[in-house]
Amino acid sequence: MAEGERRPDEGVLDRSEGFGERLLGVLLDRAHEMPPQLIAPLIAEEVARVGGRDVSILLQDYGQLVLVPLPGRRLMVGEPEPIGDSPAGTAFLHATTVEVPQSDGVRMYLPLLDGSDQVGVMALTLDTVDDDDRRLLRRLAGLVADMLVTKHSYTDQFFRARRREPMSVAAEIQWSLLPPLAMSVPQVAVAGILEPAYDVAGDSFDYALNEDILHVAMVDAMGHGLDAATMATVAVGAYRHARRADIGLSEIYTFMDRAIAEQFGPDHFVTAQMMRLNIATGHLQWVNAGHPAPLLIRDHEVVRQLGGPTTLPVGFGGEEPRISRQTLQRGDRVLCFTDGLIEEHEAGEEQFGEEQLIHWVNRIEHTENGVRAVVRSLSHALKQQRGGRTTDDATLFLIEWRGGAADHLVLLE
């Protein structure tokens, strides 16, 4: 054989289809035309091929209190699982597989990971579990998550499963406007929550990760009900339009201000806070238009407010805002919130206040891991401390800067 020539079997990848590829390939091949109501029996069939049974798909309810079973042919539909105190809840909040030994085998709870709040947990039972099962089921759960997210836009089936009580029209509008409640990449993680989940009206938030820049906005429209929801919709729409035009924070404020003023007149306004975080350097910029100052959390303690110059709420024709800046350290968290969280009070009594908010942030930062778990526990604890009252929308949005890079994710071993 001449130098430089290669034997026929040298350096050639084995393209034969193994058991795992066949199993996952069925989902990939059929997903694009699969009607939503047939997802459940297909998942059950796939799990059965690896010896699994009693399959449940559990989705997070809108109040972020329980994981509710998705009804469907061949799925096991039991009682909702509490997020805060169940194996399914642990798998969901911490994005990790949980295995519970039982008399008839092992009950597995696999997180359905897609960075979206529509996704929850897949539960199933196996006689025994080995590493090959764990690897294959983890990948199967990833494909199931993708299918649920994709089909969510085609059907009301998943929405109805997640809704635990009647929802106002304003809240329907706001939930349709929101991005996924949580996102996590190696350099940054975010999570948000809105209260009251089934009657929220004027509060909303938005974010986007474009290259190395995380864009974040939080808005709070004046009033309640449909008027507030309509204003919030216009404000977020104007923010997205301006953000996608790749203009600066000051120009984004001006664009939003003009949109609200032209649409609703001089007596209507929306408080807003817009941020940009460079996830490579930790450099944070923000414009505050009438919002409470965010809190900077370092080593699980609130170290200070991120104050700075403020401008008028959008709609009031404020002057060009000054941009505030802060360089974050790795692991720093920034908590944004609306005034409904701290201004709740009984007639004649003191407001809940930022001091109590900071107390509970410090407490929960030491007991929960991950931004999703922290923001959920914090919102529910604060609501309980306010006596369950939510006379105004109360929204939290938490950002964690981790730094580093994600290039290793594109390297194949």
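Values in this text are rule-based calculations from the coordinates and carry no lab data. Since we're looking at a predicted model, the values are computed, not measured. Heads up, the Cβs are rebuilt from the backbone with ideal geometry, glycines too, and the neighbour counts pull from every protein chain shown.
Please order L24, L295, L194 by the number of other Cβ within 10 Å, starting at the fewest. Walk me through the numbers before you get to the answer.
Details: L24 16, L295 20, L194 28.
Least crowded to most crowded, the residues run L24, L295, L194.
Please compute the contact order of the chain in relative form: average sequence separation of alpha-carbon pairs under 8 Å and at least six residues apart, divided by the residue count, as a percent.
On the way: 798 pairs, mean separation 53.7, N = 413.
Answer for the chain is 13 percent.
Once you place label points 7 Å from the Cα toward the Cβ at E45 and Q263, how far apart are they in nm?
Those two pseudo-labels are separated by 4.5 nm.
Using the Kirkwood radius built from alpha carbon pairs, what does the Stokes-Einstein equation give as D for the chain at 25 °C and 0.890 mPa s, in µm² per second? Mind dumping the intermediate values first?
Values: Rh = 23.2 Å.
Using the Kirkwood radius from Cα pairs, D works out to 106 µm²/s.
I'd like the orientation of helix 131-152 relative to the chain: the angle between its Cα long axis and the longest Cα principal axis, in ° from 0 to 90, rounded to 10.
Between helix and principal axis, roughly 50 degrees.
Based on the Kirkwood radius over alpha-carbon pairs, what value in µm²/s does the Stokes-Einstein equation return for the translational diffusion coefficient of segment 19-160 at 37 °C and 0.692 mPa s? Before the final figure, lay out the partial values.
Values: Rh = 15.0 Å.
The diffusion coefficient I find is 219 µm²/s.
For the Cα atoms of the chain, what angle does the longest principal axis make with the long axis of helix 225-244, in degrees from 0 to 90, nearest 10?
Tilt of helix 225-244: around 70 degrees.
In degrees between 0 and 90, to the nearest 10, how far off the longest principal axis of the chain does helix 353-365 point, with axes built from Cα atoms?
That helix lies at roughly 20 degrees to the long axis.
Choose one answer from D246, D332, D227: the residue with the largest mean-square fluctuation in a GNM of the chain with alpha-carbon springs under 10 Å.
D246
List I364, I247, I57 from most exposed to least, where exposure is judged by having the fewest other Cβ atoms within 10 Å. Let's see the in-between values first.
Working: I364 20, I247 12, I57 29.
Arranged by neighbour count, lowest to highest, I364, I247, I57 become I247, I364, I57.
Springs between alpha-carbon atoms under 10 Å, Gaussian network over the chain: tell me which of V200, V314, V169 tops the mean-square fluctuations.
Most flexible of the set in this elastic network: V169.
Can you work out ³J(HN,Hα) from phi for every residue in segment 252-266, in order, using Karplus 6.51 cos²θ - 1.76 cosθ + 1.60 and θ = phi - 60°, giving whole Hz and x for Gly and Pro?
Coupling constants for segment 252-266: 4, 4, 4, 5, 5, 4, 5, 4, 5, 5, 5, 7, 10, x, x Hz.
State the Kirkwood hydrodynamic radius of segment 222-368 in Å, one decimal place, computed from all pairs of distinct Cα atoms. Display every interim value, and only then the final one.
Numbers: mean 1/r = 0.0599 Å⁻¹.
It works out to 16.7 Å.
Karplus couplings for segment 30-47 from phi (6.51 cos²θ - 1.76 cosθ + 1.60, θ = phi - 60°), rounded to Hz, Gly and Pro as x?
In residue order, the calculated couplings are 9, 4, 5, 10, 7, x, x, 6, 9, 4, 4, x, 5, 4, 4, 5, 5, 5 Hz.
Where is the GNM fluctuation largest for the chain (alpha-carbon springs, 10 angstrom cutoff): A123, A88, A238?
In the Gaussian network model the winner is A238.
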